[in-house]
Structures are given as C-alpha cells and as structure tokens.
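Remarks on the structure that follows.
Laboratory data are not the source of any read-out in this text; all were calculated from the coordinates shown. Because the structure is predicted, anything quoted here is derived from the model rather than measured. Using ideal geometry, Cβ is built from the backbone for each residue, glycine included, and neighbour counts are taken over all protein chains shown.
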Amino acid sequence: MDTLLHVLSVAGPFLLVLTLVVFIHELGHFLVARWCGVTVQAFSIGFGREIVGFNDRHGTRWKFCWIPLGGYVRFVDDETAASTSSPDALEKLSPAQRAGAFQSQPLRNRALVVAAGPAFNIASAVLIYILTFWLVGTYSTAAVVDEILPDSAAARAGLKPGDKVVEIQGREVERFADLQRVVSQSPGTALDFVIVRDGKEISLKLTPELREITDPIGNKVQVGVIGIKRLGGNDRWEHKTHGLLEATAMGLSETGFVSWQIISSLPKLPGAIMKTLSGQRQSEIGGPIAIAEMTAHASKGGIAGTLGWIAVFSIMLGIMNLLPIPILDGGHLLFYAVEAIRGKPLDERNQEIGFRIGLAILGTMMFAAIFGDIMRKLGIG
C-alpha cells in the first residue's frame with residue numbers, strides 16, 4: 001500500500017503538469033491553424049482509444065485518450081497523429097476540403113502553425129512567472145555568509161562569516177539564490193565579488209571549484225561551489241511583493257535565464273546520451289521517472305514552487321520541440337526553410353527518409369533517458 005501511494009504521489013502531479021503543458025502546446029497549433037483557415041479534425045490529449053470527448057461547432061473532436069503521454073492536433077489532410085501528410089491524402093479530399101487543408105496553405109502560414117506550439121509554451125512560461133511574481137511575490141534570504149567550509153575557495157579568498165555579497169561580476173546580488181546561481185554556472189572562472197563587512201565594501205576574487213552534488217531527487221550533478229553555507233530558519237526568509245511592471249520585467253528575465261540554461265546545455269546532449277548508453281554515467285539525462293520525481297518535489301514547495309516548475313517544464317518542451325529533428329516542430333520548420341530556399345518542397349521520398357532518421361534519433365534519446373532513469377534508481381554509474 002505504501003508503495004502504491006508513493007507511485008500515485010509521484011505520477012499524479014506529473015500527469016497533471018504534463019497534461020497542462022501539452023494542452024498549451026497543442027492549443028498554440030490549434031488556434032493559429034484556425035486563424036489561418038485550416039480545418040482541424042481533432043484536438044487530442046493523450047494517444048490511443050478515446051475516453052471522453054465532444055465535437056465543437058466547427059466539427060473538431062476534442063478528446064482525452066487512454067495514453068496520457070502527449071497529444072496532437074489533426075488537420076483534415078493529416079494521415080497520422082504526427083501530422084504527416086502526402087499529396088495522396090490531399091487528392092482524396094473534395095475541393096471544399098482542400099481549401100481547409102494544411103498542405104494548401106502558403107509557406108508562411110504553415111510555418112506559423114508549426115511554430116505556434118513552442119511559442120505558446122514559452123509565452124505561457126512568461127505569463128506564469130509574471131502572475132507568480134505579481135500575485136504571490138517572492139521568498140528569499142539575503143546573500144549573507146553564515147559558515148565557511150575549510151580549505152574552500154571562499155576560505156582561501158578571505159571570505160568570513162557575516163559577510164554580505166552585494167555584487168558579482170558587476171551584477172547586483174540581492175538574494176542568496178542569486179549568488180548560488182552565478183557560482184554554480186562558473187566553475188573554474190575567476191569571479192569578482194564585492195562584499196560588505198562591518199559597513200565597508202571590500203573587493204575579492206573567487207574561483208568556484210567543480211564539485212559533484214546530489215540534487216533533491218538523487219541525481220548527481222556537477223556544479224561550481226565556493227564553500228559557503230547559509231543556515232536555515234523561517235526567520236531568515238523575507239517575503240517581497242512586486243508591482244505588475246516589475247513582475248513583468250522579472251518574468252521576462254527568468255524566462256530568458258531558464259531558456260538560456262536549456263539551450264546552452266544542448267551541445268552536451270549527444271555526449272551525455274553516449275555516456276548513458278555505455279553505462280559510464282547515469283545522471284546526465286533525466287527521463288520520465290526523473291521528471292515525474294522533480295514534479296512531485298516541486299509540488300511540495302507550494303503554489304510558487306509548482307508554478308515555477310510548470311514554467312520550466314513548458315520552456316523545456318517548447319525548446320526541445322524546436323530542435324531541427326524531423327518529426328519535431330523544428331524538423332518541419334527546417335523542411336520549410338529548405339522549401340523557401342529551393343522555391344519548392346522536398347520530394348516525398350526525401351521527407352520520408354528525414355522522418356525515419358528523426359524517429360530513430362528520438363527513439364535513441366528516449367531509450368537513453370529511460371535507461372538513465374533505471375540506472376539511477378539502481379544506483380549504477
């Protein structure tokens with residue numbers, strides 16, 4: 001019974017968040033397709049057999065299906081749930097139906113429809129951050145050093161308990177989380193710190209050291225550290241409210257930061273996949289189990305923590321879908337870019353080869369992610 005409750009406590013929040021983020025993504029495709037005059041046959045959350053659904057006044061079937069791991073929008077000329085089509089599918093349609101076919105749309109409209117899914121994911125993250133900062137506010141603790149670890153970068157640089165970090169690399173530091181964020185991303189980089197000690201500003205140079213730590217769900221990750229601690233206690237947390245304009249600026253900034261974090265990690269992805277598949281390291285890639293555990297962990301942080309994770313997950317889904325891999329939205333956009341350059345689309349055979357390559361790449365990535373999850377749970381690697 002305890003095991004079942006644990007599984008439900010992890011799977012439940014994950015499926016709810018996944019459903020919401022997928023709905024946002026597909027809603028982007030749907031709304032822009034409707035705006036462009038494309039006939040939408042179905043809007044599905046999940047795959048497989050339908051559980052429940054209804055038809056709207058435009059004839060679109062809205063439905064929930066049994067396999068809740070994704071979703072799709074199907075146009076009148078689509079042959080599969082992956083929105084693949086062919087001239088044969090178009091020829092089977094009546095003249096009236098062809099007018100609403102996706103393939104009949106000009107290149108610009110097709111690109112807009114495809115790009116709308118990822119765009120809605122990122123835009124929704126901006127909105128979530130803005131509303132959270134505006135309506136909930138932020139909880140933070142000052143960037144004050146409580147403890148210095150021996151033989152650490154902080155100790156060697158002369159940092160002392162009670163010092164308050166106010167600036168790093170010319171950027172203002174307000175919260176301890178700001179300090180952690182900069183330091184964790186800068187292993188081996190000499191950073192210029194400005195601290196306040198006994199009311200006076202002092203300049204120091206610290207070089208974060210690369211260390212392997214364990215995150216809240218058990219993943220081992222390598223980050224930069226300088227060897228300082230901030231002690232806990234509810235009396236140390238400060239709640240701050242923000243006006244709408246400030247919250248908007250903060251929301252855009254946070255979305256940009258998270259997006260850059262994801263984008264900058266993408267070049268490491270092929271190497272991480274190879275390491276995972278060879279069993280060298282299991283912590284580089286997080287699969288569905290890791291994401292489910294991260295979702296459950298975020299849900300324990302209250303509404304702000306949950307909304308923050310939904311925003312991160314939405315950005316991640318949007319950016320990953322923009323990868324130039326056939327089958328993904330980015331792959332379709334790549335084909336459209338080729339079409340724009342050539343003045344005509346790739347022939348059906350080359351597109352089919354591309355989709356098969358894309359399917360193989362995605363299959364490898366998913367296998368590596370699940371394999372990494374299993375290795376992590378077994379403590380291997």
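Across the cross-link table entries 63/275; 300/377; 200/300; 160/240, which are compared at the Cα atoms, the separations over 31 Å belong to 63/275; 200/300.
Report, to the nearest 10°, how far helix 329-342 tilts away from the longest principal axis of the Cα atoms in the chain, using its own Cα long axis and a range of 0 to 90°. Approximately 60 degrees, to the nearest ten. Only DSSP H runs of four or more residues enter the estimate; each adds -39500 (n - 2.57), and after division by the residues of the chain the mean residue ellipticity at 222 nm equals -16500 deg cm²/dmol. Placing dummy labels 7 Å off each Cα toward the beta-carbon, the span from residue 96 to residue 139 is 5.8 nm. A Cβ-based charge dipole, computed about the Cα centre of segment 139-240 with Lys and Arg at +1 and Asp and Glu at -1, lands at about 60 debye.
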